[in-house]
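A short write-up of the structure that comes next.
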Amino acid sequence: MPLPFRGGVAFGHAVEHKDQTSQSKIQPFTPARLVLLMRQGFGAECIPTVKPGDRVLAGQVVGVPPAAEGNRPVFAAPVHCGVSGTVRAVEPRPSAEGQTLAVVVDSDGKGEAAPPLLGANSRDGVRALMREAGLTGMGGAGFPTFLKYDTNKPIRYVLVNGAECEPYLTGDHRLMVEQTAQVIAGAKALQTAAGGALGMLCVEENKPDAIALLEDAVRGQEGLSVVRLPARYPQGGERQLIKAVLGREVPAGGLPADCGVIVSNVGTAVALADALQGRPLTHRVVTVAGRVGKPANLYVPVGTRLSELLEYCGGVTGDARHLWIAGGPMTGAALPSLEVPVVKGTAGLVVLDRPENRESNCIRCGGCARVCPSSLLPFAIDAAVIAGDMAACVTYRADQCISCGCCSYICPAKRHLAHRVTMARSAFRENRVKPA
């Protein structure tokens, strides 16, 4: 029986807006040009392996991680091209974080493929395949999958995360419905990579069609089950999912592996199933929703510019000033330009009316503290950041923030809580301040 995690919010059907695309079948879309960023979310920037004028094949490596220094792992995965064609340029291009080196490829429309990857059936073989195929987490930060499974700690459970609790996003839902067999094949391979751990497919109850198909698919299969979860944000957060499914707490500063668990996204499971069939990670499903003419779930090559997705989906509706978000509205990044391309962790493009969002003084209602899944005091961290008191941020453990946005969502004073708490957390990560 799933257990409630602390905090969070229940959006309800009207606020989730998933009905825009939850029944929209995945459609393929391939642009004429790809902009393949050498930094795909979390970690280091890859080194291009091609130069302008080179011909490339679909599935070919165009960027590799830099060499490791000493025993420290490199947090990056190879980048592969999703089309065949010619390298137009190797130059900086816009990304959600600013300018990032990119390989720009003009498609020839032929789809000529590079030699396929070799399959694997052992633990070491599957982990090596994860690396070679360029697998990363498909739900957000893009942490390299092979590093997550490269642990000497005993892993008892693999949780395949199909919660997809963000409003508007439905790509994982459609994968579970339309590619059920691939989800199951990928889940089994994740179990193998974890040393034969028990597998649990975790799905929120607002996706009954996906639950029914998965339950039918795992019936009679030993070591693999489906867990129904209440629809509550951020149910898909690693720590919250582990608490809800297993009742285990990931220690502060620790990893899920510290309590015998690894969590992988449904999209990552499908990407691993594709790799077992010889295909590296070159495509993903992106939900385009919100203030758009024709909301859709699109299967696109990594490197597709968001402007082209928006145009394909009928453009923007309404006359208000708009906010473009890569990902979901709670954890996604507001974009300065739609020329930013899809990366491996881009789950969606959501277009919203730009809010006024004028802050007023905190009324000390405590709502932000009640909904915080990490048991923080966002109002106190907010005040400390404004005052420049980073020592107080240490005391209030801002480093434990998961950037879920619940505090800002619930705040009646419209305080920019999530932004400032994330600023404090970033200071920890950049070693400007250290916890006691």
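Quick notes
- Among the candidates V105, V79, residue that is touching a Cys at 6+ places or on another chain (Cβ under 7 Å) and closer than 11 Å to E45 by Cβ: V79
- Filter result (part of a strand (DSSP E or B) and either crowded, with 18+ Cβ neighbours inside 10 Å or not hydrophobic (A, V, I, L, M, F, W, C) (or both)) within region 102-117: A102, V103, V104, V105, D106, S107
- Within region 292-334, the set of residues being within 22 Å of H173 (Cβ to Cβ), open to solvent by 50 Å² or more (accessible area, probe 1.4 Å) and modelled with pLDDT under 95 comprises T331 only.
- Those residues of region 80-111 which are over 13 Å from G63 (Cβ atoms) and among the aliphatic types (A, V, I, L, M), in sequence order: V83, A89, A96
- Within region 390-417, residues that are within 20 Å of F5 (Cα to Cα) have Cβ atoms under 8 Å from residues that are open to solvent by 40 Å² or more (accessible area, probe 1.4 Å) and among the β-branched types (V, I, T) in these pairs: S403/T331; C404/T331; G405/T331, counting only partners at least 6 apart in sequence or on another chain.
- Every test in (1) surrounded by fewer than 23 Cβ atoms within 10 Å (Cβ to Cβ); (2) touching a His at 6+ places or on another chain (Cβ under 8 Å) is passed by P280 save one, and that test is (1).
- Flag if R123 is in contact with a helix residue (DSSP H, G or I) (Cβ under 8 Å, 6 or more places away or on another chain) and either of a type in the set (D, E, K, R) or within 21 Å of C46 (Cα to Cα) (or both): yes
- Scanning region 18-55 for residues that are touching an Asp or Glu at 6+ places or on another chain (Cβ under 6 Å) and open to solvent by 70 Å² or more (accessible area, probe 1.4 Å) turns up just one, R39.
- In region 74-99, the residues that are more than 27 Å from L117 (Cα to Cα) and open to solvent by less than 10 Å² (accessible area, probe 1.4 Å) form no Cβ pair under 8 Å with any partner that is among the aromatic types (F, W, Y) and not in a loop (DSSP other than H, G, I, E, B), whether six or more places apart or across chains.
- Condition check for A58: more than 30 Å from L224 (Cα to Cα) and open to solvent by less than 50 Å² (accessible area, probe 1.4 Å): yes
The values are calculated or read from the model by the stated rules, or taken from the named source; none is laboratory data. Because the structure is a prediction, the values reported are computed rather than measured. Virtual Cβ from ideal backbone geometry, glycine too; neighbours counted across all protein chains shown. Surface areas here come from the heavy atoms of the whole protein model, side chains and all, with no ligands, DNA or RNA. Shrake-Rupley method; radii C 1.70, N 1.55, O 1.52, S 1.80 Å.
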